[in-house]
Amino acid sequence: ALVVWLMTGLVRITPDEEAVVTRFGRYETTLAPGLHWRWPPPFERIRREKTTELRSVKLGFRQRPGRSQRPGRFAPATIEWTSEHTEAGYEPQAEEALIVTGDEVLVELTADVQYRISDLREFVYGADDPAAIVRTVAESAVRDVAARTLLDDILTTRRAAVRRQCLQLARRRLSGYRIGVEIVDLNLLDVHPPREVVPA
């Protein structure tokens, strides 16, 4: 029985994973991919995370789970300014989407922020909800850049440059939080004036 119990301490970490080991609740070590032996519960506990996986948070909208696109089907048609956003699974978040530009005009903006774990120990112990911090930091970066940019530039000629500025600012601000994640990309998805003022 002792041998069988000790054998339960064999742990296999897959190539896309890392694991944090705690002994009686205190951090002990981080396991890299491979085969390891650790003390079985209740002495040690292991928390696995896929550290190579890209995760994302949405700004200005949420997507209901279970509404993914069927494989092999190209996603949506072009989103126009007059779109009512009635797509299945799309939940607008008006308080996030409305942003004031440098020429004091409101714009509706949605974005997708992709991030991944850079330090598993900081990710586990740095914050209860790292995704919420990533969303807040990205939203503040987008608002900051938009407040210094004219509406026409965001809509047309400088859109790519605005995206890059938002990404760089979000990365710089997030690095100070030490929550073990890095922002990989920030994409501006839907940028247009509020539907109420489109006719003007």
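The reciprocal of the average 1/r between distinct C-alpha atoms defines the Kirkwood hydrodynamic radius, which for the range 110-199 equals 14.0 Å.
What full-extension length gain, to one decimal in nm, is calculated for Gln114 and Thr30 as 0.36 nm per residue of separation minus the Cα-Cα distance?
Extending this stretch completely gives an extra 27.8 nm.
Just the number, please: Stokes-Einstein D of the range 137-182 in µm²/s, Kirkwood Rh from C-alpha pairs, 10 °C, 1.306 mPa s. Don't jump to the answer; show the numbers that get you there.
Details: Rh = 11.0 Å.
Rounded to a whole number, D works out at 144 µm²/s.
Under the rule that an exposed site lies in a DSSP loop and has at most 11 other Cβ atoms within 10 Å, name the longest stretch of the chain with no GluC sites (Glu not before Pro) of that kind, not counting the sites themselves. Before the final figure, lay out each step's value.
Details: sites that count: Glu53, Glu80, Glu84, Glu104.
That gives 105-200 as the longest site-free run.
Note on Kirkwood radius over Cα pairs in Å: of the candidates [x] 18.8; [y] 23.6; [z] 19.6, the value calculated from this structure sits at [z]. Rounded to the nearest 10 degrees, the angle from helix 159-175 to the longest Cα principal axis of the chain is 40 degrees.
The stretch between Leu189 and Ser175 holds 2.6 nm of extra length on full extension. This uses 0.36 nm per residue minus the Cα-Cα distance. Average accessible surface for the chain: 61 Å² per residue, computed with a 1.4 Å probe over protein heavy atoms with every protein chain in place.
If R0 is 22 Å, the Cβ-Cβ spacing of Arg121 and Arg12 corresponds to a FRET efficiency of close to 0.60.
To the nearest 10, the accessible area of Tyr125 is 110 Å² with a 1.4 Å probe. Tyr177 sits with roughly 120 Å² accessible to a 1.4 Å probe, with DNA, RNA and ligands left out of the calculation. Can you give the angle from 0 to 90° between the axis of helix 130-146 and the longest principal axis of the chain, with both taken from C-alpha atoms, to the nearest 10? On a 0 to 90 degree scale, this one is about 30. Using only side-chain charges placed at the Cβ, +1 for Lys and Arg and -1 for Asp and Glu, the dipole size of the range 110-200 relative to its Cα centre rounds to 300 debye.
Helical content of the chain, expressed as a calculated mean residue ellipticity at 222 nm, amounts to -8000 deg cm²/dmol (DSSP H runs of 4 or more residues, -39,500 (n - 2.57) each, divided by residue number, nearest 500). When each of the peptides 31-39, 54-62 is scored by the mean number of other C-beta atoms lying within 10 Å of its residues, the order from highest to lowest reads 54-62, 31-39.
The values are calculated or read from the model by the stated rules, or taken from the named source; none is laboratory data. Remember, predicted model here, so these are calculated numbers, not experimental data. All Cβ positions, glycine included, derive from the backbone under ideal geometry; neighbour counts span all protein chains shown. Each accessible area value is taken on the protein alone, full model and side chains, heavy atoms only, with ligands, DNA and RNA left out. Shrake-Rupley method; radii C 1.70, N 1.55, O 1.52, S 1.80 Å.
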